[in-house]
Amino acid sequence: MAGSTQTISEYIVHHLTNLAYGKLPEGFVREDGSVIGEGGAWVMAHGGEEATAMGFNAIHIDSMLWSVGLGIVFCWMFRSVAKKAEAGVPSGMVNVLEMVVEFVDNTVRDTFHGRNKMIAPLALTIFVWVFLMNLMDLIPVDLIPSLLGLVGVHFQKIVPSTDPNITMGMALGIFILMLYYSIKIKGFGFVKELTMNPFNHWLFIPVNLFMEVVGLLAKPFSLGLRLFGNMYAGEMIFILIAALFSAGVAWMLPAGLLQVAWSIFHILVIVLQAFIFMVLTIVYLSMAHEDH
């Protein structure tokens, strides 16, 4: 939590700064006073200013490691349960994961109207993976950054879904699948769909193309930014509540109650955002499979 040597503003900025690795330009003056030599240098950023100077090539190490790590946890967890599954009545974790699989399968059956064996596994992967990333938001905001700070890691964001690079990266993957199946299934009909709707006349082709392309591009942006915006706002509230603990003894109890109340409410947000991302993915891919 915010210490006596750190203002509330610095505390918030610190918790919202990723652990970034990238190339600083030649002549850049770092926070410790050193100057980047000829040709630039690939280094770990020591603050938001250095991460900004790295530009597009900066890699958010924390977001990458946490998202990949949670993906591995997802694969390990389902593989372990699959090996334990029996014909009898399931119990424990087997029962929970079977309920998740059945829930996702029913959602796909109700929403997806094409024929594609990949959609159900993709939907399950998205739902559980996004849920696990969102679930990291319930870990106290100071716990892991403080522990890693003891070994010299000064920046650490542990909720991958609060990083637009992660959410937009997933949305871009869905967008590529949308384009692939639209072209594969509709063929030239996809071009006709973009140019002859909603006005079925060749004079309106420029207007139709503009409207359809804007609508098409809006899908991945809405998909990625919706998840990012909701999770980022939730993380910001957790940080603000944590900052109250440094305001004095009188604020300890109110801050603790607020932390518990927001955590309980945020459980709904965590599940809902994972569900929305999954459902929109299914809907968008279903639209890509509809050949009128």
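Read-outs: derived from the displayed coordinates by stated rules, not from any lab. Keep in mind the model is a prediction, meaning the values are calculated, not measured. Because the Cβ atoms are built from the backbone with ideal geometry, glycine has one as well, and the counts that use them run over all protein chains shown.
Below, the figures for the structure above:
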read-out: Ascending count of other beta-carbon atoms within 10 Å, so fewest first, for 184, 23; value: 184, 23
read-out: Estimated FRET transfer efficiency when R0 is 30 angstrom, pair residue 103-residue 197 (beta carbons, to 0.05); value: 0.30
read-out: Amide H contacts of residue 41 (H built 1.01 Å from N, under 5 Å, at least 5 apart or other chain); value: 24
read-out: Proximal lysines relative to residue 192, as straight alpha-carbon distance under 24 Å, when same-chain residues fewer than 8 apart are discounted; value: 184, 219
read-out: Under the Karplus curve 6.51 cos²θ - 1.76 cosθ + 1.60, θ = phi - 60°, whole-Hz ³J(HN,Hα) for the range 12-29, x wherever Gly or Pro sits; value: 5, 4, 4, 6, 9, 9, 7, 7, 10, 10, x, 9, 8, x, 4, x, 6, 8
read-out: Modelled FRET efficiency - R0 30 Å, residue 75 with residue 139, Cβ distances, 0.05 increments; value: 0.90
read-out: From phi via Karplus (6.51, -1.76, 1.60), per-residue ³J(HN,Hα) for the range 113-125 in Hz, x at Gly/Pro; value: 10, x, 10, 7, 6, 7, 5, 5, x, 5, 4, 5, 4
read-out: Where labels lie 7 Å past Cα in the beta-carbon direction, separation of residue 85 and residue 7 in nm; value: 5.6 nm
read-out: Order of 148, 132, 253, 227 - criterion: other Cβ atoms within 10 Å of each residue's Cβ, fewest first; value: 253, 148, 132, 227
read-out: On Cα atoms only, tilt of 252-289 relative to the major axis of the chain in degrees; value: 30 degrees
read-out: Exposure proxy order (Cβ contacts within 10 Å, fewest to most) of 99, 278; value: 99, 278
read-out: In Hz, Karplus ³J(HN,Hα) per residue of the range 200-206 (6.51, -1.76, 1.60; θ = phi - 60°; x = Gly, Pro); value: 8, 8, 4, 5, 9, 4, x
read-out: Rg ratio (alpha-carbon, reference 2.2 N^0.38 Å) - the range 55-108; value: 1.62
read-out: Simple spin-label estimate for residue 116 and residue 46 in nanometres, 7 Å along Cα-Cβ; value: 4.9 nm
